[in-house]
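Below is one structure, written out as C-alpha cells, with a few remarks after it.
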Amino acid sequence: MPRTKKEATEEKTTKKKTIKKVTKKTVRKAEEKSTTEKEDKLAKLKAKAEALAAGIETKEIDVSKEIKKEQKPGALAPIEDYLKSSMHLGTRAITPDMRPYVYKRRADSLAVFNTELLDDKLKEGVEYLAQYPPEEIVVVCKRDAGEKAARLFSKVTGITVFVKNYPAGILTNPNLDTFMEKELLLICDPWTDKAALADAKRIKMPVMAICDTNNYTMNIDKIIPGNNKSAKSLGFIFYLLAKNYVKLRKIDAEMPEISEWVENWDTLTPPK
C-alpha cells in the first residue's frame, strides 16, 4: 500500500533526527578522543620532564665562587651582572628542551642556568638579530614584567614592539588596515606569546625567543635561555640586546644607562 504524503514526511523527519543524533554522538566521541589524546600526550611530556629534573643534582650554590670564576674573553657582561639580574635563575620545572642549559638545582629546587652558556647564547642572539634591519623585526612581550624594558628597547633601536596585547592577524591577514610585513619575530616567552608564535609559524617567519627552564622550544629558531619572569632579568636582557644591536648595525642612538632598564641596579647584589 502506497505511503501517504504525511507518512512520507514523518519518515523523512525521523531519519533526519536519527542522522542528527548519530552525527552529534560521533562528533562528541571524536572530541572526547581528541581531549584524551591531548591529556595523554601532556601527561607523558610532564612525566619526561619530571624524570629529567629528578636526574639533576641539587646543591647549594656558592655565589662568591661563581663571581670569581675566570670568564671567557669577549663576554657581553661580567658574571656578577648576570647574577645580579637573576637571569640565571629558572623555575622548578625543567623541560627536556631546556635541560642542556641547566647547570644545577638550588636547595630550594629552583633550576640554575649555566652562566657561561647564557653569555654565549645571548651573544649568538645579538648576532642573529643584527642580520635584520629595525623595520624588518617585531617584538611581542605580553608579560607585564617586560613592558618597561621592551618599550625602551623599541625607543633605542626603532624596532616595532607590542606589549600586553598582540593584535591578532597583524602579521598574517593582508586585509587588515594594521597589517605589517616583517621578517623576524622576537618574543619574551613562547607560552605567554603563543598567539604571535602561532602566526609566525603559519607564515614561516623565523622566531627568536627568551626561554625559561619551563618552556618548550618547538618552532623557535634562536633561543636565548634565561629567566623570563623577572623585570630585572628581562630589563638586563633587553639592555644587552639593544646595546649590542645598535653597535653591530652602526645605528646612531643614545643608549640609556642600565639603571634605566633595571630598577635599583646600583644597589642590587647577587642572590645568595
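Quick check, is residue 224 among the aliphatic types (A, V, I, L, M), surrounded by 24 or more Cβ atoms within 10 Å (Cβ to Cβ) and either in contact (Cβ under 8 Å) with a residue 24 or more places away in the chain or assigned to a loop (DSSP other than H, G, I, E, B) (or both)?
So residue 224 passes the test.
Table: residues versus (1) open to solvent by 50 Å² or more (accessible area, probe 1.4 Å); (2) within 17 Å of residue 270 (Cα to Cα); (3) at pLDDT below 60.
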| residue | (1), (2), (3) |
| --- | --- |
| 48 | yes, no, yes |
| 56 | no, no, yes |
| 75 | no, no, no |
| 80 | yes, yes, no |
| 94 | no, no, no |
| 117 | no, no, no |
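Filter segment 152-179 for residues that are of a type in the set (A, V, I, L, M, F, W, C) and more than 16 Å from residue 137 (Cα to Cα); which is modelled with the highest pLDDT? Across segment 152-179, the extreme among qualifying residues is 176. Any chance segment 154-166 includes a residue that's under 19 Å from the mean Cα position of the chain (by Cα), polar (S, T, N, Q) and in a loop (DSSP other than H, G, I, E, B)? Yes. Taking each residue of segment 161-185 that is closer than 15 Å to residue 195 by Cβ and looking for partners that are among the aromatic types (Phe, Trp, Tyr) with beta-carbon atoms closer than 7 Å, six or more apart or interchain, yields 170/179; 173/179.
If you go through segment 228-237 and keep only what is assigned to a loop (DSSP other than H, G, I, E, B) and within 19 Å of residue 129 (Cβ to Cβ), you end up with just 228.
The residues of segment 176-211 that are in a loop (DSSP other than H, G, I, E, B) and in contact with a Ser or Thr (Cβ under 6 Å, 6 or more places away or on another chain) amount to a single one, 203.
In the set (1) in contact with a Gly (Cβ under 8 Å, 6 or more places away or on another chain); (2) closer than 19 Å to residue 230 by Cα, the condition left unmet by residue 134 is number (2). Out of segment 172-193, which residues are of a type outside the set (D, E, K, R), within 22 Å of residue 133 (Cβ to Cβ) and either buried (at least 17 other Cβ atoms within 10 Å of the Cβ) or in contact with a helix residue (DSSP H, G or I) (Cβ under 9 Å, 6 or more places away or on another chain) (or both)? Correct list: 172, 184, 185, 186, 187, 188.
The values are calculated or read from the model by the stated rules, or taken from the named source; none is laboratory data. Predicted, not measured: the structure shown is a model, and the values here were computed from it. We place every Cβ from the backbone using ideal geometry, glycine too, and count neighbours over all the protein chains shown. All accessible areas refer to the heavy atoms of the entire protein, side chains included, with ligands and DNA or RNA removed. Shrake-Rupley method; radii C 1.70, N 1.55, O 1.52, S 1.80 Å.
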